[in-house]
Amino acid sequence: MDVPGNLTMRDSTGPTVGNIVKAGAPFIHNFGFNNTFIGSGAGNFTMTHPFGSNTATGFQALHSNINGFNNTASGRTALLSNTIGFNNTASGDDALSSNTTGNYNTAFGSNADVSAGNLTNATAIGFGAIVNASNKIRLGNEAVTVIEGLVGLTARLWSVGSARTAEPGYKRFLHGG
């Protein structure tokens, strides 16, 4: 089929209206409010939250979502089990797939995940990184032996007399002056 201009479709209202279908199953749809789903089994047609704004790409990404909103899932089964969690970001094969009700979580890397489905502000970075508590960052899995960085202070952060200097724990760092 050759489409020389725009292809106009209706919004998705279920598995048979407003979808691009691949092998008999919805492949691209926008069911719900401000959602975008690309991939076989991405998203679903049972979401009820009025705010939506979810984006999922990959096989079964955000597949279990019911009331979750403002989530971003990229990768096969990313955020697979999320039901009501919101403001989560998962990138990688099976990333953050154990999250169910947790919020503000981040996972980058294949199998980067949370150890419990209800954590908040937990971050897992790297292949197989599993974060096990809220308000915690986990870098890498048990095979990681070195975490390294090269940091150089190259700019004046705040000027003398800045309001920031009055904050508890503030340290003034100056370079070249």
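Among the residues making up the stretch 41-63, those that are modelled with pLDDT of 95 or more, in a loop (DSSP other than H, G, I, E, B) and either of a type in the set (Val, Ile, Thr) or surrounded by fewer than 19 Cβ atoms within 10 Å (Cβ to Cβ) (or both) are SER53, PHE59. Annotation: of all residues in the stretch 2-25 being closer than 18 Å to THR36 by Cβ and in contact with a Ser or Thr (Cβ under 9 Å, 6 or more places away or on another chain), the one that is surrounded by the most Cβ atoms within 10 Å (Cβ to Cβ) is ASN19. If I ask for residues that are among the small types (Gly, Ala, Ser), more than 14 Å from PHE59 (Cβ to Cβ) and not in a loop (DSSP other than H, G, I, E, B), which ones from the stretch 81-97 would you list? SER91 - this is the single residue of the stretch 81-97 that is among the small types (Gly, Ala, Ser), more than 14 Å from PHE59 (Cβ to Cβ) and not in a loop (DSSP other than H, G, I, E, B).
Condition check ((1) within 24 Å of ILE28 (Cα to Cα); (2) under 11 Å from the mean Cα position of the chain (by Cα)) across all residues:
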position: SER64; (1), (2): yes, no
position: ARG76; (1), (2): yes, no
position: ASN88; (1), (2): yes, yes
position: SER97; (1), (2): yes, yes
position: THR100; (1), (2): yes, no
position: ILE130; (1), (2): no, no
position: ALA133; (1), (2): no, no
position: GLY140; (1), (2): no, no
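Annotation note: of THR89, THR72, the sole residue that is under 24 Å from ILE147 (Cβ atoms), among the β-branched types (Val, Ile, Thr) and either surrounded by fewer than 19 Cβ atoms within 10 Å (Cβ to Cβ) or touching a strand residue (DSSP E or B) at 6+ places or on another chain (Cβ under 8 Å) (or both) is THR89.
Can THR55 be described as touching a Ser or Thr at 6+ places or on another chain (Cβ under 9 Å) and over 19 Å from ASN34 (Cα atoms)?
On the way: touching a Ser or Thr at 6+ places or on another chain (Cβ under 9 Å): yes; over 19 Å from ASN34 (Cα atoms): no.
No.
Against the definition (touching a Phe, Trp or Tyr at 6+ places or on another chain (Cβ under 8 Å), over 30 Å from PHE45 (Cβ atoms) and either modelled with pLDDT of 95 or more or assigned to a loop (DSSP other than H, G, I, E, B) (or both)), how does ASN141 come out, yes or no? Yes, satisfied.
The values are calculated or read from the model by the stated rules, or taken from the named source; none is laboratory data. Because the structure is a prediction, the values reported are computed rather than measured. Using ideal geometry, Cβ is built from the backbone for each residue, glycine included, and neighbour counts are taken over all protein chains shown.
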